[in-house]
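The values are calculated or read from the model by the stated rules, or taken from the named source; none is laboratory data. This one's a predicted model, so the numbers in the text were calculated from it and none came from an experiment. Because the Cβ atoms are built from the backbone with ideal geometry, glycine has one as well, and the counts that use them run over all protein chains shown.
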Amino acid sequence: MDKLTVRAIMKKHPVYVEASDFITRARQLIRDFHHRTLPVVDEKNRVIGIITEKDVLNITSTKSNITVNGYVIETPIISAETDVKQAARIMIETGFTCLPVADIARGNTLNGTISIIDIFNNLDPSDIPEGTVSKFMSENVKTCTPDDPLSRIWMNMIREGFSGYPVVDKQNRPKGMITRYDILSSGGVRIEREDEHGTRIRTSSRVARIMSTPPFTITTDASLKKAIEMMTRLDVHRLCVVDPEELVGIIDIHDIVRAYVDGRI
């Protein structure tokens, strides 16, 4: 895949917002299209940055006159001719999961998007080494329990920048997963302001109400190829790593794309 350019795998008709749009519109588009990031353009369709799912979670009101403009994050400019590996490197270094693709010859007008999922989906299976999951997984995983209040998890996601948490029992065995998208699609972002600050945390809905089950698990000694095959077949972006049943790590598409950028794949 090293010889591929962004043009070969980018999405050519992306969902986007204008800087003057209300942020509630951005939230609705993220919820409807299951995106974590949206490109932001000006009135001439020129790329000025992105808005992320994390920013949207800060807005609790169902109606707001706040515009996208105040939440725009600048991104590096890439074009359709950018090398895919370079685009992947930018994502890993910046933490962005999706980048706008600009037509530089036309004043950086929006031309498409490329996401870390697009890169993962186009990895060549023949390039995958024989290493085990334990060599590529992330350890020291942040978790939550089924009884944790959604308000607390919501604020943790905003503060820590994580897109999801494994849900574990008292023996640290995975029982499910909760993500920002679960909270967005359930309407859980519209938690009372009192809950947001923890002063009425006992009245908040619990994680168990909306978490995804069952958890998808893989053992530390399983091959990386098996992990990639499972993610592709199950259409998930992360797997809980267990030994033998206790959670010891997470392997996700970021870990795998990072290995690609580092030359380990």
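Quick notes on this one:
- Filter pass, residue 151 being in a helix (DSSP H, G or I), of a type outside the set (Lys, Arg) and under 23 Å from the mean Cα position of the chain (by Cα): yes
- Candidate set from segment 227-243 (those that are modelled with pLDDT under 95 and not aliphatic (A, V, I, L, M)); member that is surrounded by the fewest Cβ atoms within 10 Å (Cβ to Cβ): 235
Residues checked against (1) part of a helix (DSSP H, G or I); (2) more than 15 Å from residue 133 (Cβ to Cβ):
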{"site": "208", "(1), (2)": "yes, yes"}
{"site": "225", "(1), (2)": "yes, no"}
{"site": "230", "(1), (2)": "yes, no"}
{"site": "241", "(1), (2)": "no, no"}
{"site": "244", "(1), (2)": "no, no"}
{"site": "248", "(1), (2)": "no, no"}
{"site": "251", "(1), (2)": "no, no"}
{"site": "254", "(1), (2)": "yes, no"}
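- Test for residue 185: is it in a helix (DSSP H, G or I), out of contact with any Cys (no Cβ under 6 Å at 6 or more places or on another chain), at pLDDT 85 or above and of a type in the set (Gly, Ala, Ser): no
- Among the residues of segment 20-34, at least one is part of a helix (DSSP H, G or I), among the β-branched types (Val, Ile, Thr) and in contact (Cβ under 8 Å) with a residue 60 or more places away in the chain.
- When 82, 75, 94 are checked against the criterion of being loosely packed, with under 14 Cβ neighbours inside 10 Å, farther than 24 Å from residue 182 by Cα and not assigned by TED's automatic domain parsing to the domain that holds residue 179, a single residue qualifies: 94.
- Residue check, residue 153 in contact with a helix residue (DSSP H, G or I) (Cβ under 8 Å, 6 or more places away or on another chain), buried (at least 19 other Cβ atoms within 10 Å of the Cβ), in the same structural domain as residue 39 (by TED's automatic domain parsing) and more than 17 Å from residue 225 (Cα to Cα): no
- Segments classed as helices (runs of 4 or more DSSP H), wholly inside segment 42-126, with at least 1 members that are of a type in the set (Ser, Thr, Tyr) and modelled with pLDDT of 90 or more: 84-94
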